[in-house]
Amino acid sequence: MRDFLKRLPKAELHLHIEGTLEPELMMALAERNGVSLPYASVEAIRAAYDFTDLQSFLDLYFQGMSVLRTAQDFEDLAMAYFRRAHDEGVVHVEMHVDPQAHLARGVALATVMEGLGRARRRAERELDLSTAMILAFLRDRPADEALRLLEEAAPYWETLDAVGLDSAELGNPPAKFAEAFQRARALGLARVAHAGEEGPPDYILEALDTLDVCRIDHGVRCLEDPTLVERLREEAMVLTVCPLSNLRLQVVERMEDHPLPRLLEAGLTLTLNSDDPAYFGGGVLDNFLACRRAFGWSREVFLDLAGNAIEAAFMPEARRTELR
Ligand code: ES4
Ligand code: ZN
């Protein structure tokens, strides 16, 4: 089964590129850039990854990315991840990027975008790995900041596929970003939003109604609202589910308790993703394997889920045909 799952061509639709920063690279970049970290070793970094909720993770996630200073750092970060993903049988990666987190520490948007852009071109050439980029708005920051970021990103609009909405969900409902998402839509960009990870099903509904999203990131709490489930099923709305993330952030207590089997039973269109692989215990393949262990799914189920991701990916039709 492991061999089958590894060979299965997988598209990753929910990934934060800053969440691919492995402790080894974090230490190396801290050294290279003279950034001090509150850890003495790679082991100490790993030992700190004991999360109780989304916020406890976000605190370390924002601290970890402080070592990223130059375009070369962003290129190295993304290239290292693309290589690992390629080794797991991933053929397409859509990465969220959090520019506001970098701008806030004095790292220019150009630095981030040039570095990631170089890595994307190399991935295509060296690994035959296609990529997409999702400009994410930090939902715990003001809405006008998101709008300004989108305008500042004008030189990179051509390289963007979508806008997204991430960071602390509770208390930051989607509607706050309606204007920024409307502008993104006018620019021809697709739209995704984290909703129903820690937040209530109402946030999923709000993302559909006020942000006109093409996919919901996480969405696992939709089961608390049967009317919403019915709507998601009818619209064949894609949920990008991240099982190991949900486990590590204590959205679920045990993998066996994860709502995935019930979401599947409800007829929803699901994909399996890694979210922040360096922090949550593995990449896409590990997420597939965790589901196999917990739910005993057959090859057919995994074929379906991997197929859903290819169909829902932001990629040219010619590439989709190639991967089908
Ligand atoms: C995130 Cl797991 C998760 N949820 C919301 N925002 C995020 N940013 C990075 N990982
Ligand atoms: Zn996420």
Worksheet item: Mean 1/r over all different Cα pairs, inverted: what Kirkwood radius does the range 1-135 give, in Å?
Response: 15.6
Worksheet item: Just from the alpha-carbon atoms, what are the Rg and Dmax of the chain in angstroms?
Response: 18.3, 53
Worksheet item: Tell me, how many Å apart are the Cα centres for the range 113-165 and for the range 226-302?
Response: 25
Item to complete: Give the shape of the range 137-286 as rounded, prolate or oblate, defined through the alpha-carbon gyration tensor: a ≥ b ≥ c are the square roots of its eigenvalues, a/c under 1.5 means rounded, and otherwise the shape is prolate if a/b is larger than b/c and oblate if not.
Response: prolate
Worksheet item: FRET efficiency for Asp202 and Ala143, Cβ-Cβ distance as r, R0 = 22 Å, nearest 0.05?
Response: 0.75
Fill in: Kyte-Doolittle at least 0.0, axis length at least 18 Å by Cα - qualifying DSSP helices, the chain
299-312
Practice prompt. Pop the C-beta distance of Ala178 and Glu311 into the FRET formula with R0 = 22 Å and round what comes out to the nearest 0.05.
Written response: 0.20
Worksheet entry | Net charge dipole size for the chain [Lys, Arg +1 and Asp, Glu -1 on Cβ; Debye, nearest 20] | 800
Fill in: Calculated [θ] (222 nm, deg cm²/dmol) that DSSP helices of n ≥ 4 give over the chain, each run adding -39,500 (n - 2.57)
-14500 deg cm²/dmol
Worksheet entry | Label zone at Arg319 (point 7 Å along Cα-to-Cβ), backbone N below 12 Å, the range 116-142 | 120-125, 128-134
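Each value in this text was obtained by applying a stated rule to the coordinates, not by laboratory testing. Given the structure is predicted, the values throughout are model-derived calculations rather than measurements. All Cβ positions, even for glycine, are placed from backbone atoms using ideal geometry, and neighbour counts span all protein chains on display.
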